[in-house]
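Trainee: Following this message is one structure expressed as structure tokens.
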Amino acid sequence: MARALAVLGTASDVGKSLITAGICRLLADAGFDVAPFKAQNMANQAGVTPQGLEMPRAQILQAAACRRAPHVDMGPVLLKPLSQTGAQVVVLGQALGMQEAQDYFRDGNPYRAVALAALDRLRAKHEVIVMEGAGSPVELNLMARDFVNLAPARHADAALVLVADIDRGGVFAQVIGTLDLLPPEDRARVLGIVVNRFRGDAALFEDGIALLEERTGLPVLALVPHLEHQLDEEDRPFRIPVDQRAPAGKLAVGALLYPRVSNTEDLAPLLAEPDLHLTWVTDPALARDLDLLVLPGSKATVGDLVHLTASGMAESLREAAERGAWLLGVCGGYQMLGQELHDPTGTEGGPQAFPGLGLLPTATFFEARKLTRPSEVVSRWPEAGHALSGYEIHHGFTRLAAEQGEPLSTGGAAMGWREGRAMGSYLHGLLASDAWRSAFLNQVRRDRGFPELPIHVADPLEQRLQRWAEHLQRSLRPGAWARILGAARP
């Protein structure tokens, strides 16, 4: 069976997912057959495997770091929050429906065995498994039913790496408190500490490293400087400014940051465009002044649409459209742009019909069954013939409510539609096509009085991953890599 490392954190959002991805890449580059694993993931960032099954994007990213295709065993249980207390449960790639938290834990958790069986299948096929924990491993009221942190680590006899986020402050309390609360048998398996997201002169923290090592008896494996890595993160939307106005001379592009926004990696290719300023938008006044508004995916389309209406954003979008702004919706954003959203099965809280933004002549009909599949289409606008590939992940279907506008690609309204300056598509990954993105943005540029630009190639995921892994490698302290290799080798 495979050897294992478990990357645990002092809290949520300390950077476990990317530290795991970096270790995966470094081990793969060292010649190991390595695979990632996270027993249970709570996030709205999901993707699709080559087999058309849904799994967490964090583990898809980590699989790419291992230079292998993603498999649902790497992220067997996914909880996609729909409210403060409830989530859609996805097990081994299949959506099983909505559950409230107290029901999920009422009779013990049946998915614990599912997750550990998935881990065993990975251990039987690979040399090294790099596991990611969730939140903190020492939430004392949850430890008995937690099967994401210590349970899989014990099951695989994994060495532990503890990650802390110095950027949020309190790194000594984070590390020392977590280690003090670990059960002795787990504390004994801690390989070392990673201090993540350091800003400033690393030499000024040498005394801090000495204090941590003295107080804990463990080595600091790495002091990782903050890096604008442009990689998707599990616990937060894609990292761009919020409500920041564009400098003069820049094409002003805003992406709507609604409460259940999802699949925000779709925005990353826009950063390749040198004349474009990209910001998240929550301020309705700012939305009215933008050249292009992007409505990303949503895990709760109707709920987020209600939020847009209540906040005044929906009216601002209509005003922006009247002023000549362009609008692009992806997946849930495409659904919102239409005339109506029908929910006969109660998938989105119905059964009832909800008015859309009214900017596309489409109607969406939600179904309980979720469509998850890789997709390939060919563009029909703004230029015909561009091959577009990505994936779909949505409930229900969209069709025309009125015969006007034109298809964005092959597949008609079921795939994407355009009318005037508003358009939408179900294809996640649409903007990753450099040729299509360039043709689309040049339409926006001409219309908004900007010069056209040639095609700019977006930074591929592979390059971003490799850059991150090399950054992590440079951050390792003397002897750290030898300790990691010692845990990975038989």
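Trainee: Between GLU403 and LEU96, 0.36 nm times their residue separation minus their Cα-Cα distance comes to what?
Mentor: Details: separation 307, 0.36 × 307 = 110.52 nm, distance 3.61 nm.
Once the chain is fully extended between GLU403 and LEU96, it gains 106.9 nm.
Trainee: Another question, if that's okay. Just to be sure I understand: of the beta bridges DSSP finds with both ends in the stretch 1-158, what percent are antiparallel, rounded to 5?
Mentor: Values: 14 of 27 bridges.
Roughly 50 percent of the beta bridges in the stretch 1-158 run antiparallel, per DSSP.
Trainee: Would you mind estimating how fast the stretch 231-349 diffuses translationally, via Stokes-Einstein at 10 °C and 1.306 mPa s with the Kirkwood radius over Cα pairs, in µm²/s? Please report the intermediate quantities before stating the final value.
Mentor: Working: Rh = 14.6 Å.
Taking Rh from Cα pairs, D becomes 109 µm²/s.
Trainee: Could you give the nm distance between label points at ARG446 and GLN51, where each point is 7 Å from its Cα heading toward the beta carbon?
Mentor: Computed distance between label sites ARG446 and GLN51 equals 4.6 nm.
Trainee: Another question, then. State the Cα centre-to-centre distance between the stretch 223-274 and the stretch 142-187 in whole Å.
Mentor: 30 Å
Trainee: Could you list the trypsin sites (Lys or Arg not before Pro) in the stretch 129-185 that lie in coil according to DSSP, counting only those with at most 13 other Cβ atoms within 10 Å of their Cβ?
Mentor: Numbers: sites: ARG145, ARG154, ARG168; in loops: ARG145.
Listed in order of number, the matching sites are ARG145.
Trainee: Take GLU185 and LYS250, extend 7 Å from each Cα along the Cα→Cβ direction, and tell me the distance between the two endpoints in nm.
Mentor: Going from the GLU185 label point to the LYS250 one covers 5.4 nm.
Trainee: So how many Lys-Lys pairs in the chain land under 29 Å Cα to Cα, not counting same-chain pairs under 8 apart?
Mentor: The number of close lysine pairs in the chain is 12.
Trainee: Say a paramagnetic label sat at a point 7 Å from the Cα of ARG474, along Cα to Cβ; which residues of the stretch 187-206 have their backbone N under 17 Å from it?
Mentor: Counting backbone N atoms under 17 Å from the label point, the list is 196-204.
Trainee: I would also like to ask the following. Can you list which of the GluC sites (Glu not before Pro) found in the stretch 371-478 are DSSP loop residues with at most 14 other C-beta atoms within 10 Å?
Mentor: Numbers: sites: GLU376, GLU383, GLU392, GLU403, GLU419, GLU452, GLU462, GLU470; in loops: GLU383, GLU403, GLU452.
The qualifying sites are GLU383, GLU403, GLU452.
Trainee: Using each residue's phi in the stretch 384-393, evaluate 6.51 cos²θ - 1.76 cosθ + 1.60 at θ = phi - 60° and report the 3J(HN,Hα) Karplus result to the nearest Hz, with x for Gly and Pro.
Mentor: Values per residue, Gly and Pro as x: 7, x, 7, 6, 10, 10, x, 8, 10, 7 Hz.
Trainee: Which trypsin sites (Lys or Arg not before Pro) in the stretch 183-282 sit in a loop by DSSP (not H, G, I, E or B) and have at most 16 other Cβ atoms within 10 Å of their own Cβ? Numbers along the way, then the final one.
Mentor: On the way: sites: ARG187, ARG189, ARG197, ARG199, ARG215, ARG239, ARG245, LYS250, ARG260; in loops: ARG189, ARG199, ARG239, ARG245, LYS250, ARG260.
For trypsin sites (Lys or Arg not before Pro) across the stretch 183-282 that sit outside H, G, I, E and B with at most 16 neighbouring Cβ atoms in 10 Å, the list reads ARG189, ARG199, ARG239, ARG245, LYS250.
Trainee: For the chain, take the longest principal axis of its alpha carbons; what is the angle in degrees between that and the long axis of helix 171-181, to the nearest 10 within 0 to 90?
Mentor: That helix lies at roughly 60 degrees to the long axis.
Trainee: Highest first, please rank the peptides 442-451, 311-320 by the mean number of other Cβ atoms sitting within 10 Å of their residues.
Mentor: On the way: 442-451: 14.6, 311-320: 19.2.
Ranking, from highest mean packing down: 311-320, 442-451.
Trainee: In nm, what is the difference between 0.36 nm times the number of residues separating ARG67 and GLU322 and their Cα-Cα distance?
Mentor: Working: separation 255, 0.36 × 255 = 91.80 nm, distance 4.66 nm.
So the chain would gain 87.1 nm between ARG67 and GLU322.
Trainee: Moving on. Label THR410 and GLU213 with points 7 Å out from Cα along Cα→Cβ: what is the distance between them in nm?
Mentor: Here the modelled spin labels are 6.0 nm apart.
Trainee: Moving to a separate point now. Pull out a ≥ b ≥ c, the square roots of the eigenvalues of the alpha-carbon gyration tensor of the stretch 53-141, then state rounded if a/c is under 1.5, prolate if not and a/b is larger than b/c, and oblate in the remaining case.
Mentor: Details: a/c = 1.82, a/b = 1.58, b/c = 1.15.
Because a/c hits 1.5 or more and a/b exceeds b/c, the stretch 53-141 counts as prolate.
Trainee: Hey, any idea what the orientation-averaged projected area of the convex hull of the chain's Cα atoms comes to, in nm²?
Mentor: Values: hull surface 91.1 nm².
So the mean shadow area of the Cα hull is 22.8 nm².
Trainee: From the Cα gyration tensor of the stretch 102-176, with a ≥ b ≥ c the square roots of its eigenvalues, which class applies: rounded if a/c is under 1.5, or else prolate if a/b is larger than b/c, or else oblate?
Mentor: Numbers: a/c = 2.80, a/b = 1.27, b/c = 2.21.
Taking the square roots of the gyration eigenvalues as a ≥ b ≥ c, the stretch 102-176 is oblate.
Trainee: Follow-up question, since we're still on this one. Using only the alpha-carbon atoms, what does the stretch 131-290 span along each of its principal axes? Please give whole angstrom values in decreasing order.
Mentor: 58, 40, 24
Trainee: Would the stretch 292-433 count as rounded, prolate or oblate if I go by the C-alpha gyration tensor, calling it rounded below 1.5 in a/c and otherwise prolate when a/b exceeds b/c, oblate otherwise? Please list the in-between numbers first.
Mentor: On the way: a/c = 1.67, a/b = 1.15, b/c = 1.46.
It is oblate, given that a/c is not under 1.5 and a/b is not larger than b/c.
Trainee: Which listed residue (SER433, PHE365, MET415) has the Cα farthest towards the positive end of the charge dipole for the stretch 355-468, taking +1 on Lys and Arg C-beta and -1 on Asp and Glu C-beta about the Cα centre?
Mentor: My answer, from the dipole projection, is PHE365.
Read the figures in this text as sums done on the coordinates, not as results from a lab. Keep in mind that this is a model prediction, so the values were computed, not measured. Cβ: placed from backbone, ideal geometry, glycine included. Neighbour counts: every protein chain shown.
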